[in-house]
Amino acid sequence: MSTNVYDILQERGFIEQCTHETEVRELLGKESVTFYIGFDATADSLTAGHFLTVMAMMHMQKAGHKPIALLGGGTTMIGDPTGKSDMRTLMTVETIQHNADCFLQQLSKFIDFEDNHAIIANNADWLLDLNYVEFLREIGIHFSVNKMLTADCYKQRMEKGLTFFEFNYMLMQSYDFWKLNKLYNCTLQLGGNDQWSNILGGVDLIRRKEQKPAFGLTFKLLTTSEGIKMGKTMKGAVWLDPNKTTPYEFYQYWRNIEDVKVEECLGLLTFLPMDEVRRLGALKDAEINFAKEVLAFEITKIVHGEEEATKAQDAARALFGGGMKSEDIPTTLYPAAKFAEGIDLITMMCDAKLAVSRSDARRNIQQGGVSVNDVKVEDFDRVFTDKDFDAEGALLIRKGKKGFHRFMAE
């Protein structure tokens, strides 16, 4: 191994905290390390938030280290209390298994699982049939309740009432690390910085119980300049599944991020050389938009492939250049009869999620921020029919500079 992957991750802005920095860096530089990242199967697709940890896995695998993607078929039955003010909704075993299967399919696009280059595991295999008394005798004995209560992951829940049910989560995640250490000689757990307390639990368990080295390392969480988690839109999460967030919508999300976050996201979410990342990140004013285009294209290329990234970029350029030739612009089809009767603008804006409510739509129209086929509309009672279609048989509603949606008759 030439360049130490620890240095790569550090330079690109991933590393937030590390349990034994000198030892971890030395270990990553001299041998192939088996590491794991856990994915609780709370939905049927990974999100933009997961993508950062997936990128870290890709860097690690490229450097010769062996990833274990641990699907949380067992831990999802309880739910991580981290960052939650209320208990998570309980999910059925069938739903969790379906979600885990979807995760595996998506992860296989990024991680090479062939020929034992990486391992896929599911903690349902050892958590669901645990003998509770044995678990307490073997694992619970190593955990101090006093120490656990000081963990950040429990503090928010303590205010409203932390159930004993959720209190077990740290023990279960720690047990996962111990189990993977026994099964695969996994010595390093990686995760988002909100997992620091849970990761420390596993590191401590292996060191106490087995008298063996174990390490933990956490990554920066993607947040806006206000500290809000990135990867959320008015429609909800930004998904990696193209059926939930289209490649075009995915591209547009990254194309429209804040100027101050461009360099950070280029470092974390693309494979561009850091010299180029710094050059693009230093661009100012109108030129930063070029850097955003590069960012959006590179991320979309990794997630959806170069062809979809090119189509998404072409669609955005065509739209903002005044044309509309691409089929990738977000589109809603209404029955032809509905257009024959006429549809009011406010209804269309709400259906397209260009407004959170009818009053929000009315306010945007009154303020002059809405146009249809490039003509500003100031009458919020305006009704459109198929006679208002453009040459391509469509109505394009634009809200501000960045919100738009196309309507066509089916």
Can you give me the number of residues within segment 200-247 that are under 17 Å from ASP152 (Cα atoms) and without any contact (Cβ under 8 Å) to a residue 24 or more places away in the chain?
1
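For segment 1-23, which residues satisfy the criterion of being aliphatic (A, V, I, L, M) and closer than 16 Å to MET57 by Cβ?
In the first step, residues of segment 1-23 are kept if they are aliphatic (A, V, I, L, M); the result is 1, 5, 8-9, 15.
Scanning segment 1-23 gives VAL5, ILE8, LEU9, ILE15.
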If you check every pair at least six apart or on different chains, which have Cβ atoms under 6 Å apart with a residue in segment 277-292 that is more than 17 Å from GLN313 (Cβ to Cβ) first and a residue that is buried (at least 18 other Cβ atoms within 10 Å of the Cβ) second?
VAL277/LEU266; VAL277/GLY267; GLY281/VAL262; GLY281/GLU263; LEU283/ALA291
Taking segment 187-214 and keeping only residues that are hydrophobic (A, V, I, L, M, F, W, C), within 24 Å of the chain's Cα centre (by Cα) and buried (at least 20 other Cβ atoms within 10 Å of the Cβ), one is left with LEU188, LEU190, TRP196, ILE199
Name the residues in segment 169-186 that are polar (S, T, N, Q) and surrounded by fewer than 18 Cβ atoms within 10 Å (Cβ to Cβ), would you?
ASN185
Run ASN373 past the list (1) surrounded by fewer than 20 Cβ atoms within 10 Å (Cβ to Cβ); (2) modelled with pLDDT under 90; (3) within 31 Å of the chain's Cα centre (by Cα) and report the number of the one that doesn't hold.
(3)
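Filter segment 86-137 for residues that are basic (Lys, Arg) and loosely packed, with under 14 Cβ neighbours inside 10 Å; which is farthest from GLN189 (Cα to Cα)?
Of all residues in segment 86-137, those basic (Lys, Arg) come to 88, 109, 137.
Cutting the leftovers down to loosely packed, with under 14 Cβ neighbours inside 10 Å gives us 109, 137.
Numbers: LYS109: 22, ARG137: 24 Å.
Filtering first and then ranking leaves ARG137.
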Out of all the residues in segment 173-184, is one or more within 16 Å of the chain's Cα centre (by Cα) and under 22 Å from CYS102 (Cβ atoms)?
no
Which pairs do you get when a residue that is over 16 Å from ASP204 (Cβ atoms) and modelled with pLDDT under 75, found in segment 146-174, comes within reach of a residue that is acidic (Asp, Glu) and not in a loop (DSSP other than H, G, I, E, B), reach meaning Cβ atoms under 7 angstrom, with the pair 6+ apart or on two chains?
ARG157/GLU166
State which residue is farthest from ALA56 (Cα to Cα) when the search covers only segment 118-133 and only residues that are assigned to a loop (DSSP other than H, G, I, E, B) and over 23 Å from the mean Cα position of the chain (by Cα).
ASN131
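Which of the residues spanning segment 215-228 are among the polar types (S, T, N, Q) and surrounded by 16 or more Cβ atoms within 10 Å (Cβ to Cβ)?
Taking segment 215-228 and keeping what is among the polar types (S, T, N, Q), we get 218, 223-225.
THR218, the sole residue that qualifies.
Pick out, from segment 134-216, the helices (runs of 4 or more DSSP H) lying fully within it that include 3 or more residues that are under 15 Å from PHE35 (Cβ atoms). Full working, then the answer.
Values: elements: 145-149, 152-160, 164-167, 169-184, 196-210.
Fully inside segment 134-216 and qualifying: 169-184, 196-210.
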Among the residues of segment 10-32, how many are crowded, with 20+ Cβ neighbours inside 10 Å and either out of contact with any helix residue (DSSP H, G or I) (no Cβ under 6 Å at 6 or more places or on another chain) or aromatic (Phe, Trp, Tyr) (or both)?
2
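Picking from GLU249, GLU210, GLU264, which residue would you name as being farther than 30 Å from THR187 by Cα and either charged (D, E, K, R) or assigned by TED's automatic domain parsing to the domain that holds LEU354 (or both)? Reasoning before the result, please.
Working: GLU210 fails: farther than 30 Å from THR187 by Cα; GLU264 fails: farther than 30 Å from THR187 by Cα.
Testing whether each residue is farther than 30 Å from THR187 by Cα and either charged (D, E, K, R) or assigned by TED's automatic domain parsing to the domain that holds LEU354 (or both) leaves just GLU249.
Considering only residues that are outside any helix (DSSP H, G or I) and under 22 Å from the mean Cα position of the chain (by Cα), look in segment 263-314 and name the one that is surrounded by the most Cβ atoms within 10 Å (Cβ to Cβ).
Looking only at segment 263-314, we keep the residues that are outside any helix (DSSP H, G or I), and these are 270-273, 282-284, 305.
Now drop any that are not under 22 Å from the mean Cα position of the chain (by Cα), which leaves 270-272, 305.
On the way: THR270: 21, PHE271: 13, LEU272: 17, GLY305: 14.
Selected residue: THR270.
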Where a residue in segment 325-347 is under 30 Å from GLU308 (Cα atoms) and its partner, wherever it lies, is acidic (Asp, Glu) and modelled with pLDDT under 85, with Cβ under 6 Å and at least six apart
SER326/ASP314; LEU333/GLU410
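The values are calculated or read from the model by the stated rules, or taken from the named source; none is laboratory data. This one's a predicted model, so the numbers in the text were calculated from it and none came from an experiment. Heads up, the Cβs are rebuilt from the backbone with ideal geometry, glycines too, and the neighbour counts pull from every protein chain shown.
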